[in-house]
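The block underneath contains the structure these notes are about, expressed in structure tokens.
The values are calculated or read from the model by the stated rules, or taken from the named source; none is laboratory data. If you're wondering where the values come from, they're calculated on a predicted model, not measured in any experiment. FYI the Cβ positions are ideal-geometry reconstructions off the backbone, even for glycines, and counts take in every protein chain you see. Keep in mind that these areas ignore ligands, DNA and RNA; they rest on the heavy atoms of the full protein, side chains included. Shrake-Rupley method; radii C 1.70, N 1.55, O 1.52, S 1.80 Å.
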Amino acid sequence: MSKRKKAGKRMSKKQLSLKLEGLFSTQPGKTLSFKEIFKTLHLNTHPLKMLAIDIMEEMAWDDFITKVSDNAYALNTKGQVQEGKFIRKSNGKNSFIPDGGDKPIFVAERNSLSALTGDRVRVSFNARRQKHIKEAQVIEILERAKDVFVGRLNVGKDVAFLTPQNDTFVHDILIPKRNLKGGKTGDKALVQIIKWPDEEHRNIIGKVTDVLGKSGDNDVEMNTILAQFGLPYKYPKRVEDAANKITGEITPQDVAEREDFRKTWTCTIDPADAKDFDDALSIKKLDNGLMEVGVHIADVSHYIPEGSIIDKEAEKRATSIYLVDRTIPMLPERLCNFVCSLRPDEDKLAYSAVFDLDEDAMIRNFRLVHTIIRSNRRYAYEEVQQILEDNGVVDGTGEPAPDPKGRGYKGDHGQELCMLDRLAKKLREQRFKHGSVKFDSEELKFDIDEKGHPIRAYYKRSKDANKLIEEFMLLANKTVAERVGRKKRGEKAKVIPYRVHDNPDPQKMETLREFIAKFGYKVKTDGTRSAMAKSINKLMDKCEGKREQKMIQSVALRAMMKAKYSVHNIGHFGLAFDYYTHFTSPIRRYPDTMLHRLLTRYQAGGRSASEKKYEALCEHCSDMEQVAQNAERDSVKYKMVEFMGDKVGECYDAHISGITSYGIYAEIDENHCEGMVPMRDLDDDYYEFDEKNFLLRGRHHHHKYQLGDAIRIQVARANLEKRQLDFTLAE
């Protein structure tokens, strides 16, 4: 054995500490993995490696180095004063997230300067006390995240207050009575801050900018949810006036410049209550035996010039918002429901992806063209589903076939719909074969009475009619992205907004691997995208119908990254597409409108657009999509609590749908409403939270509550104001 290795064996903790300090100090900005560190310092024995890991933990505790992952560190080059984002918690355990970091640092309430969630702040780190967590104190609020809040008014004799909705404040907002704008106690209102706290005054002072109405009224509560997320709850009149001037007239020049599809059978398939039809399908058999399928998309950009008043409002909104009982459209009603909407028996302008497909749904020819179409029929999903089932299709199985008695296909244009369905199934089969991830989505839906009160809750699953539309939209989005993005070596692709989806989080995939091993399953946590996706699909297939299916799917979903928009293409992991964009919904998504404009420009020979400008637009659209989804979730939560409000005291069979350190989430089997059993109600033992295994374990009696377990619950409380449903365990 060499002298170097012998010396290594006799290294003391102090010697090894100095070597580690020297190694990190000479490589600022570089992340060093355990493997690199052991190799560089010639740590060849297990005891030395373990000692090094212990020393690095202490060095990280002292902020000399920063933990980058479970097995990698980097030199801490940041000083005692840093900038970043503040997160406020109702329990006082506030936190600070530094710029470029994701690990929150504790900020006690006394050290918060009354900062609010999202505020950009400057902090100073406190001197670290032994065996205490790292702490920071806010020394300056650099930028307020927002200055308008929504909540409930409380008007007293001399002064009024606003208790904000789900925004955690140290104090309520004080409102001088002259600034109430007619608001009364119990009203929901929007309030703008006119004075923030300072060293002399701790109060936040505001003025009412809009009174929404009485708490409990359905319209008021839905508008409150929108206002809470900073989303518009009414359309500016000047924008609506501009939209009302658009006639939608199709000129002879429009017709001459477009491919005419008005004699080809075309239909729209949408939810029964939809009014904004932004996509239509056409199909006809060609003389060469191929099937021509047209995916026709409303030509919104034809009517809305870039930079116009309507365009600026659409860009700001970036997306339509779908609450439980209403749609808040991206475009004014005149455009989304009339001028642009592909309504039946009306000539409409479209931008179309036209495919010539063979019997196996392989693309033999493709063209992207501006068209004029005339939809022959507006179908609801339920109608198409019934026609497919009448022709032998049942929940994704069975080949549609003519009626055995020789009457042909059943239903209105049953033959065309069955042909589209057959091709869609081939496309779906190809997609999964190439590694598209299988997650069957379910949506909680409500039947609503005329007052907006929910009278039934149920889960809606995608059936063949939905999947038919989905596959052709995916095909159009993918093929359009490939047309622009796929270039020969040396050629540069022109700028478009891609829809990208990164590989799963490695640490969360490792958590999934360890979790499913207990049930005897395996999954790949590395390798190619395709191999990982196929492994996830294999897992989904193997656990289907088993007791553990829902919890495994839940843990797998947590490992997935969020899809977003970007001009920098990295592909789409979930769909297993190298190129993917959003082309098919310009009435309700701004990125699609952006794409239509760019494609039109490029087809006319225009130069590539500004990467910087369109990346900023992509980031804005991604952010607004997330905000809209949060508002949509809150509206579902509100209706869920409202639906269960008159069922307090009733007992239901349920299963555990989530485990946290503060309680158990349970989903009722009968109606899929979810509530929480708070930790305070689990009083038969002291429970410890095992985050890695998604369970609570009793310290004394060792009773376990695990994700997916069947339990019996009783509805304890339904708090509409907090949108919170509390359960207790039934005896």
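For the range 231-244, 3J(HN,Hα) computed residue by residue from phi via the Karplus equation (6.51, -1.76, 1.60; θ = phi - 60°) reads 9, x, 10, 8, 8, x, 4, 5, 6, 4, 4, 5, 5, 5 Hz, glycine and proline entered as x. For the range 306-323, the Karplus equation 6.51 cos²θ - 1.76 cosθ + 1.60, evaluated at θ = phi - 60°, returns couplings of 4, x, 6, 4, 5, 5, 5, 5, 5, 4, 4, 6, 6, 7, 6, 10, 10, 7 Hz by residue, with Gly and Pro reported as x.
Relative to the longest principal axis of the C-alpha atoms of the chain, give the angle of the C-alpha long axis of helix 414-433, reported between 0 and 90° and rounded to the nearest 10°. Approximately 30 degrees, to the nearest ten. Between K410 and residues 5 or more places away or on another chain, which pairs have amide H atoms under 5 Å apart, with H built 1.01 Å from N, and which residues are they? Under 5 Å from the amide H of K410 lie the amide H atoms of D403, each far enough along the sequence or on another chain. Rounded to the nearest 10 degrees, the angle from helix 218-228 to the longest Cα principal axis of the chain is 60 degrees.
When the helices of the chain are scored as -39500 (n - 2.57) per DSSP H run of n ≥ 4 and the total is divided over every residue, the value at 222 nm lands at -9500 deg cm²/dmol.
Using the 1.4 Å probe convention, the accessible area of the chain works out to 51 Å² per residue with neighbouring protein chains retained. Against the set (1) 34.2, 123; (2) 29.4, 92; (3) 26.1, 87, the structure's computed Rg and Dmax of the Cα atoms in Å falls on (2). For the peptides 182-191, 12-21, 636-645, the ranking by mean Cβ contacts within 10 Å, running from highest to lowest, is 636-645, 182-191, 12-21.
Could you work out the relative contact order of the range 545-598, using alpha carbon pairs under 8 angstrom and six or more residues apart, expressed as a whole percent? Intermediate values should be presented prior to the final figure.
On the way: 25 pairs, mean separation 9.2, N = 54.
RCO, the range 545-598: 17 percent.
Highest mean packing comes first when the peptides 323-336, 143-156 are listed by Cβ atoms within 10 Å, giving 323-336, 143-156. The relative contact order of the range 264-316, computed from alpha carbon pairs under 8 Å that lie at least 6 residues apart in sequence, is 25 percent. The range 621-662 and the range 42-78 have Cα centres separated by 42 Å.
Kindly express, to the nearest 10 degrees and within the range 0 to 90, the angle between helix 381-390's C-alpha long axis and the longest C-alpha principal axis of the chain. The two axes meet at around 70 degrees. Residues whose amide H lies under 5 Å from that of Q724, counting only those 5 or more places away or on a different chain, are N719; hydrogens are built 1.01 Å from N in the peptide plane. For the chain, averaging the sequence separation of C-alpha pairs within contact (under 8 Å, six or more residues apart) and dividing by the residue count gives a relative contact order of 8 percent.
State which entries of K426/K613; K316/K463; K433/K508; K188/K613; K93/K184; K49/K538 exceed 27 angstrom in Cα-Cα distance in the structure shown. Table pairs above 27 Å Cα-Cα are K426/K613; K316/K463; K188/K613; K93/K184; K49/K538.
In what sequence, highest mean first, do 664-671, 571-578 appear when ranked by Cβ atoms within 10 angstrom? Could the numbers behind the result be given before it?
Working: 664-671: 19.1, 571-578: 20.6.
Sorting 664-671, 571-578 by mean packing, highest first, produces 571-578, 664-671.
Roughly to the nearest percent, how much of the accessible area of the chain is carbon and sulfur, given a 1.4 Å probe?
On the way: 17730 of 37000 Å².
Roughly 48 percent of what the probe reaches on the chain is carbon or sulfur.
Each residue of the range 643-657 is assigned a 3J(HN,Hα), and the resulting list reads 4, 8, x, 9, 10, 4, x, 7, 10, 9, 6, 8, 9, 6, 9 Hz, derived from the Karplus form 6.51 cos²θ - 1.76 cosθ + 1.60 (θ = phi - 60°), x at Gly and Pro. Under 5 Å from the amide H of S657 lie the amide H atoms of Y665, A666, E667, G708, each residue being 5 or more positions distant or on a separate chain, with H modelled from the backbone and absent for Pro and chain starts. When all protein chains stay in place and ligands, DNA and RNA are ignored, the 1.4 Å accessible-area order of W196, W265, largest first, is W196, W265. Only one residue of Q137, Y351, S622 has its Cα farthest out toward the positive end of the dipole of the chain, where Lys and Arg carry +1 and Asp and Glu -1 on Cβ, and that residue is Q137. Once the chain from D62 to H700 is taken as fully extended at 0.36 nm per residue, the excess over their C-alpha distance is 226.1 nm.
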